[in-house]
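The values are calculated or read from the model by the stated rules, or taken from the named source; none is laboratory data. Note that the structure is predicted; figures quoted are calculated from it, not measured. Cβ atoms come from the backbone with ideal geometry, glycine included; neighbour counts cover every protein chain shown.
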Amino acid sequence: MRLFVAVTPSEEAVEDLDGLLAPRREAGAFRWSDPGQWHLTLAFLPDVADRRLDDLGDRLARAAGRRTSFELALAGGGAFPNPARARVLWAGLRAEESARTELDRLATGARAAANRAGAAPEGARFRAHLTLARLGRPAEVGRWVRLLDGYAGPAWAVDEIALIASHLGEGPRNRPRHEVLDRFPLAP
């Protein structure tokens, strides 16, 4: 299975950012991600055997339970690798230092839980962002980054993480379809 562990923004946070982007989407020749699937990936697990799911769930529950809830807000944005030759357009986060620390520790705990369950995470160190769009070939997106720079959305309480399956090609326009397999609460 292709899985990831993520923080999902509140419905209000999604609606607010989507309200900014919706009337502008036609102006960008991007593959926009579905707002209903927006998330902050803590750990990407590209190949997990079914037999590992129970242990993975148990370990993620323990990792989540070690962290306390905190507030985040979507704010700002950028592009990978850079605005001049972008392949990905993303939204950033606004948070107090203690919340950023909790988010980083949550990602570390999720990656460690996956490793111990035999579901090795892929990718480099955690860099908190929400992917908005992908570009078929590198392009200059400076005006999009400037638009996002001025954005500050509503805060929401992060009080759980989710284990999500990504079913490639099963969504609209042959995009991935995401299915929440389980949710794990953080300590209050």
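Details
- Residue 86 under 24 Å from residue 50 (Cα atoms), of a type in the set (Gly, Ala, Ser) and surrounded by 13 or more Cβ atoms within 10 Å (Cβ to Cβ): no
- Taking the criterion of being buried (at least 18 other Cβ atoms within 10 Å of the Cβ) and under 15 Å from the mean Cα position of the chain (by Cα), the residues of region 93-114 that qualify are 93, 103, 106, 107, 110, 111.
- Residue in region 42-53 that is closer than 19 Å to residue 147 by Cα, among the aliphatic types (A, V, I, L, M) and assigned to a helix (DSSP H, G or I) present: no
- Scope region 115-129; condition within 14 Å of the chain's Cα centre (by Cα) and either surrounded by 14 or more Cβ atoms within 10 Å (Cβ to Cβ) or part of a helix (DSSP H, G or I) (or both); matching residues: 126, 128, 129
- Condition check for residue 22: under 15 Å from the mean Cα position of the chain (by Cα) and either in a helix (DSSP H, G or I) or of a type in the set (Lys, Arg) (or both): no
- Scanning region 59-70 for residues that are in a strand (DSSP E or B) and buried (at least 16 other Cβ atoms within 10 Å of the Cβ) returns a single hit, 70.
- Selection status of residue 45, farther than 24 Å from residue 153 by Cα, hydrophobic (A, V, I, L, M, F, W, C) and either at pLDDT 95 or above or touching a His at 6+ places or on another chain (Cβ under 6 Å) (or both): yes
- Consider region 160-174 and keep the residues that are under 22 Å from residue 91 (Cβ atoms) and buried (at least 17 other Cβ atoms within 10 Å of the Cβ). The one that is farthest from the chain's Cα centre (by Cα) is 166.
- Flag if residue 86 is of a type outside the set (S, T, N, Q), closer than 17 Å to residue 185 by Cα, in contact with a Pro (Cβ under 9 Å, 6 or more places away or on another chain) and at pLDDT 95 or above: no
- Residue check for residue 105: in contact with a Leu (Cβ under 8 Å, 6 or more places away or on another chain), within 19 Å of residue 8 (Cα to Cα), assigned to a helix (DSSP H, G or I) and not hydrophobic (A, V, I, L, M, F, W, C): no
- Scanning region 99-121 for residues that are modelled with pLDDT of 95 or more and in contact with a His (Cβ under 9 Å, 6 or more places away or on another chain) turns up nothing.
- Every residue from region 112-132 that is under 18 Å from residue 7 (Cα atoms) and in contact (Cβ under 8 Å) with a residue 24 or more places away in the chain: 112, 113, 114, 121, 122, 123, 126, 128, 129, 130, 131, 132
- Looking only at region 137-188, and only at residues there that are among the β-branched types (Val, Ile, Thr) and not in a loop (DSSP other than H, G, I, E, B), the one that is farthest from residue 50 (Cα to Cα): 145
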